[in-house]
1. Only one of Ser8, Ser77, Ser55 is buried (at least 24 other Cβ atoms within 10 Å of the Cβ), in contact with a Lys or Arg (Cβ under 9 Å, 6 or more places away or on another chain) and hydroxyl-bearing (Ser, Thr, Tyr); which?
2. For segment 118-139, name all the residues that are in contact (Cβ under 8 Å) with a residue 60 or more places away in the chain and not in a loop (DSSP other than H, G, I, E, B).
3. Within segment 63-74, how many residues are at pLDDT below 95 and either of a type in the set (Ser, Thr, Tyr) or surrounded by fewer than 16 Cβ atoms within 10 Å (Cβ to Cβ) (or both)?
4. Taking the condition farther than 16 Å from Ile180 by Cα, at pLDDT below 95 and part of a loop (DSSP other than H, G, I, E, B), does Glu108 pass?
5. Only one of Arg84, Arg100 is among the basic types (Lys, Arg), surrounded by fewer than 20 Cβ atoms within 10 Å (Cβ to Cβ) and free of Cβ contacts under 8 Å to residues at least 24 places away in the same chain. Can you tell me which?
6. Looking only at segment 71-93, count how many residues are among the hydrophobic types (A, V, I, L, M, F, W, C) and assigned to a helix (DSSP H, G or I).
7. Quick one: in segment 13-52, of everything that is of a type in the set (S, T, N, Q) and either exposed (fewer than 15 other Cβ atoms within 10 Å of the Cβ) or modelled with pLDDT under 95 (or both), which residue is farthest from Asp96 (Cα to Cα)?
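The values are calculated or read from the model by the stated rules, or taken from the named source; none is laboratory data. Keep in mind the model is a prediction, meaning the values are calculated, not measured. Backbone-built Cβ (ideal geometry, glycine too); neighbour counts: all protein chains shown.
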Amino acid sequence: MRFEIILSGFGGQGVLFAGNLLALAGMYRGYQVSFLPVYGPEMRGGTCHCTVVISDKDIASPLVKEPGYLIILNLPSFLKFIPRLKKGGVALVNEDLVKRDEIENYEELTHHKRVIYVPFSSLAEEAGAPLALNLCALGAFNGLLKLFSEDVFVRALKEMLGKSKAHLFEANFRAYLKGIEAINKV
C-alpha cells in the first residue's frame, strides 16, 4: 500500500499544516511517511503546496511526480496539479473556489481521473471555523480512504496545535467531521 498525495492552495489556507498533520496521523497509525513542504514567496498569498507519502513499506524518496491523490483548495492549484494526477487518480477539489465552467479544456484535463467537488470553504464556515477549510479537506480525504481512526487523528491534531493553540481544537475537529460527512454523501 502506498498513497502519494499533493496538497495545494493559497498561502494562508493551511496547506502545509494539513500536510504535516496528515503525515503525523499516518505515522501514529504505524505507516512510513514523508512530508515535503514547498516554501518560498508562495507563503504570502500565492500558490503553495506540499507532498505527503504514506506507505506500509520504506519510502525511498519524498518526491512525487504523478500523485494518486490531490487535495486542491483553489483554482491556480487545480490548473497546476491536475495534469500531474495519474490516470485513475482522485482529486478532492474545493468547489467554492474552483468552478468547472471557468476552466478551459476541463474535460481534457480531467479525462480518466476522478474529480470530487466538496465545498470546503462553506463547510468550514458551517463548522464555525472559516479558516479550517484545510481540516474539512483532510476529513474528506480520510473519509474517502479510511487510513486512520478518529482517535489517531485527534491525537495528531492535538499535538500539531500544541498548548498555545489548544483552544482551536474543537472548531478544527468540527471542520474535520464536516469533511467526513460531506464525502459520505458523494
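1. Ser8
2. Going through segment 118-139, the residues in contact (Cβ under 8 Å) with a residue 60 or more places away in the chain turn out to be 118-119, 131-135, 137-138.
Val118, Leu133, Asn134, Leu135, Ala137, Leu138 - these are the residues of segment 118-139 that are in contact (Cβ under 8 Å) with a residue 60 or more places away in the chain and not in a loop (DSSP other than H, G, I, E, B).
3. The total comes to 2.
4. Taking the combined requirement at face value, the residue does not satisfy it.
5. Arg100
6. 5
7. Gln32
Conditions tested, residue by residue: (1) β-branched (Val, Ile, Thr); (2) surrounded by fewer than 16 Cβ atoms within 10 Å (Cβ to Cβ); (3) in contact with a helix residue (DSSP H, G or I) (Cβ under 9 Å, 6 or more places away or on another chain).
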| site | (1), (2), (3) |
| --- | --- |
| Gly139 | no, no, yes |
| Val152 | yes, no, yes |
| Lys158 | no, yes, yes |
| Leu161 | no, no, yes |
| Ser164 | no, yes, no |
| Ala175 | no, no, yes |
| Gly179 | no, no, yes |
